[in-house]
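J.: What follows is a single structure, and I will ask about it in a moment.
The values are calculated or read from the model by the stated rules, or taken from the named source; none is laboratory data. Because the structure is a prediction, the values reported are computed rather than measured. Here the Cβ positions follow ideal geometry from the backbone for every residue, glycine too, while neighbour counts run over all protein chains shown.
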Amino acid sequence: MARVVFMGEVRQYTGDDDEVEIDAPNVMQLFKKLGQLYPKLDLILETGFAVAIDGEIMEDSLLQSLADAKEIVLVPKMEGGLI
């Protein structure tokens with residue numbers, strides 16, 4: 001079971017919860033469970049957040065295994081480009 005941490009603006013979708021413990025085999029299943037717990041978060045999980053697993057930001061993380069994960073942090077995706 002991993003600890004999922006909600007930081008900053010993510011908490012507006014979780015009723016100000018700052019963390020929850022969830023058991024999921026991969027990020028896709030984690031998002032499904034989080035969406036059931038937090039319906040407001042469900043609408044933007046796959047498009048609005050990057051995922052950091054044990055301190056490492058993962059790209060294309062939906063199938064990333066969480067078997068040994070201890071901490072998962074939802075990180076708001078940054079938009080931008082060159083100025």
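J.: Can you say whether Ser61 is of a type in the set (Ser, Thr, Tyr) and surrounded by 15 or more Cβ atoms within 10 Å (Cβ to Cβ), as far as the supplied structure shows?
T.: When the stated conditions are applied, Ser61 passes them.
J.: Residue under question is Thr14, and the condition is that it be surrounded by fewer than 18 Cβ atoms within 10 Å (Cβ to Cβ) and hydroxyl-bearing (Ser, Thr, Tyr); does it hold?
T.: no
J.: If I go through the stretch 16-50 residue by residue, how many of them are β-branched (Val, Ile, Thr) and modelled with pLDDT under 90?
T.: Going through the stretch 16-50 one residue at a time, the tally reaches 2.
One line per residue, one yes/no per condition, for (1) in contact with a strand residue (DSSP E or B) (Cβ under 6 Å, 6 or more places away or on another chain); (2) among the acidic types (Asp, Glu); (3) in a strand (DSSP E or B):
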site: Glu21; (1), (2), (3): yes, yes, yes
site: Ala24; (1), (2), (3): no, no, no
site: Gln29; (1), (2), (3): no, no, no
site: Lys33; (1), (2), (3): yes, no, no
site: Lys40; (1), (2), (3): no, no, no
site: Thr47; (1), (2), (3): no, no, no
site: Leu62; (1), (2), (3): no, no, no
site: Val75; (1), (2), (3): yes, no, yes
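J.: Still on this structure: For the stretch 34-53, how many residues are surrounded by 15 or more Cβ atoms within 10 Å (Cβ to Cβ) and either charged (D, E, K, R) or in contact with a Cys (Cβ under 7 Å, 6 or more places away or on another chain) (or both)?
T.: The total comes to 1.
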